[in-house]
1. Quick check on segment 21-81: what are the equivalent-ellipsoid semi-axes from the Cα gyration tensor, as sqrt(5λ), descending, whole Å?
2. Where does the charge balance sit around residue 48 when Lys and Arg score +1, Asp and Glu -1, over other residues with C-beta under 13 Å from its C-beta?
3. How high is the relative contact order of segment 2-63, in percent, counting Cα pairs under 8 Å that sit 6 or more residues apart?
4. Would you please put 2-12, 19-29 in order of how densely packed they are, using the mean number of other Cβ atoms within 10 angstrom per residue and starting with the highest?
5. Could you compute the net charge surrounding residue 10? Neighbours are other residues with a C-beta less than 9 Å from the C-beta of residue 10; K and R count +1, D and E count -1.
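Computed from the coordinates by the stated procedures, all read-outs in this text should not be read as laboratory data. The shown structure was predicted, so the numbers you read here are calculated from the model rather than taken from an experiment. FYI the Cβ positions are ideal-geometry reconstructions off the backbone, even for glycines, and counts take in every protein chain you see.
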Amino acid sequence: MAVSMHVVWSKCEPGRVIYETHSIETVTDGSGVHATVDSHTYEISLRSRAQAESIADEEGFELYRKGEAWESLPEEEGLPEEGLPEEGLPEEDE
């Protein structure tokens, strides 16, 4: 059964990015066969898209790379802030 991973805003701590997982399971009971959704929220702060991708790979989750919370994450942890050159800080003169 595939488990999807979604990057979302924390409801416990506004402004913090966490993740949720969802899977659809088939259940057979006295009233027949029907689907249920099994959802879990992980209050683990995500610091980058690379960290989210690593968790998804390790756990076998299908990562959904969309949404406001996903877009708020930098590609890699520790990237320079906006406005600084992408190649890093200027070199010092010798």
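1. Values: eigenvalues 223, 23, 16 Å².
Over the Cα atoms of segment 21-81, the ellipsoid semi-axes are 33, 11, 9 Å.
2. Numbers: positive: 47, 49, 65; negative: 53, 71, 75, 76, 77.
Neighbour charge sum, excluding residue 48 itself: -2.
3. Numbers: 102 pairs, mean separation 21.6, N = 62.
Rounded, it is 35 percent for segment 2-63.
4. Details: 2-12: 15.8, 19-29: 13.0.
Averaged packing, sorted descending, gives the order 2-12, 19-29.
5. Once positives and negatives cancel, what remains is 0.
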